[in-house]
Amino acid sequence: MDLALWIAAFVLAAGFLPAGLMKASLSRETLVEKGMASLGSLPRGAVKLLGLVEVLGALGVLLPGLTGIATVLTPLAAAGLAVIMVVAVAVHLRRREFDRLAVPAVLLVLAVFTVWGRFGPYAF
């Protein structure tokens, strides 16, 4: 089970790190052109903040476990990413973007799995 939790953490990091870096570094207009239309209604600062939080969450699900330092941050970071994905799913449902639900739903399941495992029976 520990291996499955590590795989989930790496998938979460692989999903959130590039997305967060894009949101933190590119303009909102560029992101909308790249297919992230739901970000178009957010203020520029909110998009940048979301990107920063996603980058920190991606690092938070990996680095504590890899270094053995402050390992309680791993499930906390996963919980934060889960909250982001709940909001993402809700936004896509509200906008009737049903074809865009798969990725946030999978990331939500992986984040919840990581929270359960790292807070529960498979804590570091």
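Tabulated values for the structure
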item	result
Model label zone, residue 93; criterion: amide N under 20 Å from point 7 Å along Cα-to-beta-carbon; scope region 106-124	106-113
Acute angle (nearest 10 degrees) that the helix 102-119 long axis makes with the longest principal axis of the chain, alpha-carbon atoms	30 degrees
Helix 44-67 vs. the chain, principal-axis angle (Cα, 0 to 90°, nearest 10)	20 degrees
With Cα atoms, 0 to 90° folded angle of helix 73-94 axis to the chain main axis	30 degrees
Semi-axis lengths (Å, descending) of the ellipsoid that matches the C-alpha gyration tensor of region 2-119	25, 16, 11
Estimated FRET transfer efficiency when R0 is 22 angstrom, pair residue 101-residue 22 (beta carbons, to 0.05)	0.65
Dipole moment magnitude, nearest 20 debye, the chain about Cα centre, only Lys, Arg, Asp, Glu C-beta charged	340 debye
Per-residue Cβ neighbour rank within 10 angstrom, fewest leading, 108, 66, 49	66, 49, 108
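Read-outs: derived from the displayed coordinates by stated rules, not from any lab. As the structure is a prediction and not an experimental result, all values here were calculated from the model. Cβ sites come from the backbone with ideal geometry, for glycine too, and all protein chains shown count toward neighbours.
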